[in-house]
Structure formats: C-alpha cells, structure tokens
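Below you'll find the structure, written out as structure tokens, and then a few comments.
No value in this document is a laboratory result; all are computed from the given coordinates. The model shown is predicted, which means the values in this text are computed figures rather than measured ones. Here Cβ is always computed from backbone atoms with ideal geometry, including for glycine, and neighbour counts include all displayed protein chains.
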Amino acid sequence: MTFELFVSLRYLLAKRRQTFISLITLISIAGVAVGVMALIVVLAVMNGFQEDLRNRILGITSHIVAGNYGGAMARYREVMKEIEKEPGVLAATPFTYAPVMLSSGTNVAGGILRGIDPATAIKVINIQETMIRGNLSDLLPPASTDSGRQPEASPGIILGVEMANNLNVHQGEWVTVISPVGRLTPMGQIPRSKLFQVVGIIQSGMYEYDNQLAYVSLPAAQQFLGMGDSVTGIEVRIANIYNAATIAEALRTRLGYSCWVRDWMQMNRSLFSALKLEKVVMFVILTLIVLVAAFNIISSLIMLVMEKTRDIAILKAMGATTASIRKIFVMEGLLIGVSGTILGLVGGFTLCGLLKRYHFIELPRDVYNLSTLPVRLETLDVVVIAFAAVVISLVATLYPSHQAAKLDPSEALRYE
C-alpha cells in the first residue's frame, strides 16, 4: 500500500471532528450508487423492449427480402436456388404482396394480402408461433371436400387478430377479398373479388401487422391477382441476423443489378434509430444524477481540505511533495466514486434480477402487448456506466486536490 493510499483511506474511514463532512461523504457515495443503479435498470429495460420488438418484427417478417426492379419475378425458382447457395443463408421462400379490401358482409377493412408457400415459409418466418388459432398447413387445399369447403372456389385465409376483430369474423367464417386491380371486360375494368374461409388467426404483438396482414397460399394469391407463375419477391432467413447487411450486399452482387435486396435493419431503420436515440437521451439524462453526486464529492473534499489544513502542512514539512498531496485527495475522491459505483452495480443487478424473476411491475397488455417489463442486461452498457461514473468522480477531485496541493505549509502553521 502506497503512502498516498494509506493517508486517503485514513481520511476517509477515520472519525471526523466535523460529522457534517462525513454525512456529505455518505451522501456522495449514495448519490453515485443511485445514479449507477438507475442507469443500469433503465437501460436494461430499454434493451429488453428493443429485443422484444426485434423478435416480434422478425417473427412475422424475414431477415432479408429480394425482389425485381421490373415488377413481378417470373423465374423465382432459379433465383431462390441462387440465393440458397450464399453462405449464411438457411432458407428462402417466395411471396406475393398486394393491397386489398376485405369484407365480412357487415364490416369492411383495408389490408395487405400476402401469398406464401406454407411448406417453405415455415422455415423462413415464425408465423406458426404467432398463430393463436388454426395452423399454417390449413392454407393448403384439403385432400377431400368433406369439410364443405371447396378448394378452388373458397381457399383458406389467415387474418391478423386486429383485422379479424374489425371484420367481426372468427375461425371457420367467410370473408370476401377485393383487389383494386381488376380485370378488363367489355363493360370496363371490374375489381377482382373472391370468397375465402378464415382458417387461422395470428397475433404477432405488432398492431400494424395484426391490423393489416392477411395470408393465403401462394397458388391462391397468384390465381386471385392474375399473376400467373410470378411472385412479388423472395424472403430469406439467415443464420446470424447481425450479418444481414453483409449477406444482403453479397446477394446484390450474386443476383445482379436487376434485383433489389433489403435487410431487416434497412426496412426498420427509422424505428430502431428512434429507439437508439431514446436510449442515448435516457443515458444522458440519468447521468445527471451522478453529476449531482459529483458536486457533493467536490464540496466534501473542499471541506476536508479546510479541516485537514494543519495535517497537510505537517506532511509537506516532513517532505511530502505537491504531487503526493494532490494524489491523496484524488484517491479519496476516487474511493468515494468507486464505492458508489460498486454499490450501484450490485443494486442494479439485484433489481434487474428481481424484475426478471418476480415480475412485480405489470403493464397494460392491451397497450404494450406485454404483461411485465422485459429486462436484458448488456455487458457494454454496464462497462460504459461504470466507466462514466468513475470518470465523473475523478474529474470532481481535480479542483479540491489542486487547492490542497498548493497550500503553503508556513502560512498554514503560522498560527498553530
């Protein structure tokens, strides 16, 4: 143990003549601890919300989407084979995408009709996990017509839970799908319409998706939209979602300039950018708590310097250098900051663990689609918080330590 550390520990732990100074020191430690704990809990909750949102988005959409600049993709089977050759790609599936109107006879709602291939779509998107009624395989035509549903005349459709509520339909009931892009007849252009039977309901937790999406089988969508054997694009699933940008760039090169490729981060850039900005703003705001504690550290050290003027003079008279005196008070401030940081980390980890295990904070499920606060601690956040708290505490020691170091021993001892 160095001389400076020994003296700083003695000043910090020894009983003071002025109890008020000890109280300010305890308040400084508590302030740093509360600030660190608040930062850890808030950022962990925001990370939890971001992860939950990402999982919900990727549960209903793919990691990468590829399409044709010229419109519909006719040779999509060849493109799928080419995509699946790319390292890191797990599976690919074709899809169609078109705006439609849906009518239940009593209610009407606008939505997006997506045609999917159930055999390959289940390998790319987690739509089966989001289904609260029915199965994805129900979109396929039945082997027989014993159920009363004719495969060609009335194929199956899966609706989002919000759309089903708006249309006031349930599983087994019927909806009419109307496409604004109609067919040309001698009487003019007539909108396409077809009767579909509701075979399933999905609940992704994302209102925009649950209120707009309607799924049908790919052949049914192609026949209804008059697309022939073409599709709108291809959805791709990859092994590592964070390599989406790299793989998307490789697919652009592989498929050529006639095809566009977008990854999930591009498609949801504005949403995740807003979440990232909100996280940064919360970090800055909550760091003010640590700054308040830093002012307490400054006042505590200044008052300690005033109380220990005689001791500092004696140490200098005995040969202590200016750098040693400065280091004594810097170390004392750092001890306060480090102690508060450690207590804050312990408190933050404990509170996050309690939130994750016991779920004692409940959320309105109809607003957030979550019943409790999601919590996810990230190592980088913890390191940044601890580093910021210690650095702020260190900066707070500079002025008091400078004042102590420039003290003249002859002036300090003149009236002793």
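Quick look at the values:
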{"quantity": "Order of Thr232, Thr106 under a 10 Å beta carbon neighbour criterion, fewest first", "calculated": "Thr106, Thr232"}
{"quantity": "Cα-based radius of gyration of the chain once divided by 2.2 N^0.38 Å, which approximates compact folds", "calculated": "1.51"}
{"quantity": "Estimated D of the stretch 318-409 in µm² per second, where Rh is the Kirkwood radius over Cα pairs and Stokes-Einstein applies at 20 °C, 1.002 mPa s", "calculated": "131 µm²/s"}
{"quantity": "Extension reserve of the Ala74-Leu23 stretch, reckoned as 0.36 nm per residue once the Cα distance is removed", "calculated": "10.7 nm"}
{"quantity": "Rg/Rg_ref, the stretch 32-179, where Rg_ref = 2.2 N^0.38 Å and atoms are Cα", "calculated": "1.38"}
{"quantity": "Where Cα atoms sit under 22 Å apart: lysine pairs in the chain separated by 8 or more or lying on different chains", "calculated": "11"}
{"quantity": "Residue-span extension gain [Thr2 to Lys123] - 0.36 nm each, minus C-alpha spacing", "calculated": "37.3 nm"}
{"quantity": "Structure-based [θ]222 nm, the chain - -39500 (n - 2.57) summed over DSSP H runs of at least 4, per residue, nearest 500", "calculated": "-17500 deg cm²/dmol"}
{"quantity": "Cα-based Kirkwood hydrodynamic radius, the stretch 188-343, one decimal, Å", "calculated": "23.7 Å"}
{"quantity": "Gain upon complete extension [Val395, Tyr242; 0.36 nm per residue less C-alpha separation]", "calculated": "51.4 nm"}
